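S.K.: Attaching a single structure in structure tokens format; questions to follow.
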Amino acid sequence: MGNSRKLSSALLVLGVSVWIGCTNPKEIIKFEPGNISTNAVEYSCTFSSDGTEIYFTRSEQAWGSGDMKSGIYHAENKNGKWSTPKLASFSRTHDDSDPHLTKDGNTIFFISNRPGTDQSSSADIWKVTRNEKGRWGKPSVLPYPINSEKTEYSPRTDGEGNLYFASDRPGGYGQGDLYMSKFRNGAFQPPENLGNTLNSAFGEWNLEVNDKGNLIIFEASQRETNVSPYGDLYISFKKDSVWTQPQNMVELNTSGSDLYPYLTKDGKHLYYTSSDSLKGKSTYIYVIKFRKLSWKYRQQSKTLKD
């Protein structure tokens, strides 16, 4: 018990040094300017549970350019200082993006256009696992029907190992929809569309889900309630197994693209990506304290029956 208490205290102190920067619930901070958020294009971050590792996507091409090639980068926090990011060992040749580090820190799901499946020539969900020495192995592509002949986006897992992602595969409600594949008996089941409360006739794309699987934040494009037609962040809560109507997170959204949400495992902070304006040619990673923001939207949340 004593050792556990000491470990918890150490992680708490470490957490303060890692997440330092936000001083009030409405303050939005650019994360690690000049090191992780630079003049290049950085987006879609994921952290280890203790906050000492970050994986994120970086590209040297302009944001929104059709030929934008990205790679997954890694940095470590030691004594309250982030190291210079380096390309992850598994991401050196192909167009890789949108990493998601699982809770145990041993698996990364990510999106890649590398060859590896007969079912698809588009960007698919891949995974890579870390061995007992901490080294990443060889990535493998997830099988059909998780992946499709179309493009998949933004793989995320909840505390039970269920996989959430977006896809523009046929049969959805709009240009892109949100899906979930249950993890049962050591395998992912055929994906289920998350329904037309979350999905619309327009586009729902990258997302984040909390550990309990009862809170989801996602990017949606072209909705009437959007600040920007290119993509705003929305939030929804699950009440009695039903998702509430998505709410636009107006504190975060700009005239540009606001997307790629990431919740810290303790639920205290929300990271996300923004191009800041409609004409923005770069993107940065931002962080904001989340608990009061979450409380506000939870109090306002309604299901279609309310």
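S.K.: Charges only on Cβ, +1 for Lys and Arg, -1 for Asp and Glu: so what's the dipole of the chain about the Cα centre, in debye to the nearest 20?
M.R.: Values: 37 positive and 34 negative charges, 208 e Å.
That gives the chain a dipole magnitude of about 1000 debye.
S.K.: Here's another thing I want to ask about it. Give me GLU32, GLU152, GLU60 ranked fewest to most by other Cβ atoms within 10 Å of their Cβ, as a rough exposure proxy. Please report the intermediate quantities before stating the final value.
M.R.: Working: GLU32 22, GLU152 25, GLU60 11.
The order, fewest Cβ neighbours first, is GLU60, GLU32, GLU152.
S.K.: Could you give each residue of region 128-133 its phi-based ³J(HN,Hα) in whole Hz, using Karplus coefficients 6.51, -1.76, 1.60 with θ = phi - 60°, and x for Gly or Pro?
M.R.: With coefficients 6.51, -1.76 and 1.60, one gets 9, 10, 9, 7, 5, 8 Hz.
S.K.: Just to check I understand the Karplus step: with θ = phi - 60° and J = 6.51 cos²θ - 1.76 cosθ + 1.60, what whole-Hz values come out for region 94-104, glycine and proline as x?
M.R.: 9, 7, 10, 7, 6, x, 9, 8, 5, 4, 7
S.K.: Taking only DSSP H segments of four or more residues, each worth -39500 (n - 2.57), what value at 222 nm results for the chain once the sum is divided by all its residues, to the nearest 500 deg cm²/dmol?
M.R.: -3000 deg cm²/dmol
S.K.: Same structure again: Would you mind pulling out the separation of the Cα centroids of region 41-97 and region 145-219, in Å?
M.R.: Cα centroid of region 41-97 versus Cα centroid of region 145-219: 23 Å apart.
S.K.: Sticking with this one: Taking amide hydrogens as modeled 1.01 Å from N in the peptide plane, which residues meet the under 5 Å criterion relative to SER37, leaving out close sequence neighbours?
M.R.: For SER37, no residues qualify.
S.K.: Related question: Trypsin sites (Lys or Arg not before Pro) within region 185-249: which are DSSP loop residues with at most 14 other Cβ atoms inside 10 Å? Let's see the in-between values first.
M.R.: Details: sites: LYS212, ARG223, LYS238, LYS239; in loops: LYS212, ARG223.
For trypsin sites (Lys or Arg not before Pro) across region 185-249 that sit outside H, G, I, E and B with at most 14 neighbouring Cβ atoms in 10 Å, the list reads LYS212.
S.K.: Using Cβ contacts closer than 10 Å as the measure, can you line up SER89, SER241 from fewest to most? Kindly include the intermediate steps, with their values, before the conclusion.
M.R.: On the way: SER89 12, SER241 6.
The fewest-first ordering by Cβ neighbours comes to SER241, SER89.
S.K.: Hey, got the Cα dimensions of region 44-201 along the principal axes, in Å, largest first?
M.R.: Result for region 44-201: principal-axis Cα extents of 48, 40, 31 Å.
S.K.: Enumerate the calculated ³J(HN,Hα) couplings along region 241-254 in order (Karplus 6.51 cos²θ - 1.76 cosθ + 1.60, θ = phi - 60°), each rounded to whole Hz, writing x wherever the residue is Gly or Pro.
M.R.: Couplings: 6, 10, 6, 6, 5, x, 10, 5, 8, 5, 5, 9, 7, 10 Hz.
S.K.: Residues with amide H under 5 Å of LEU215's amide H, sequence separation 5 or more or different chain, H placed in the peptide plane at 1.01 Å from N; which?
M.R.: Placed amide hydrogens put ASN210, LYS238 under 5 Å from LEU215.
S.K.: For PHE47, PHE183, which order do you get if you count the other beta carbons within 10 Å of each Cβ and list the fewest first?
M.R.: Values: PHE47 22, PHE183 14.
Lowest count first: PHE183, PHE47.
S.K.: More than 33 Å apart: what percent of Cα pairs in the chain qualify?
M.R.: Values: 8897 of 46665 pairs.
Here the long-distance tail beyond 33 Å is 19 percent of all Cα pairs in the chain.
No lab work stands behind these numbers, since they all come straight from the coordinates. All of these numbers come straight from a predicted model, not from anything done at the bench. No Cβ is skipped: glycine too gets one built from the backbone with ideal geometry, and neighbour counts run over all protein chains shown.
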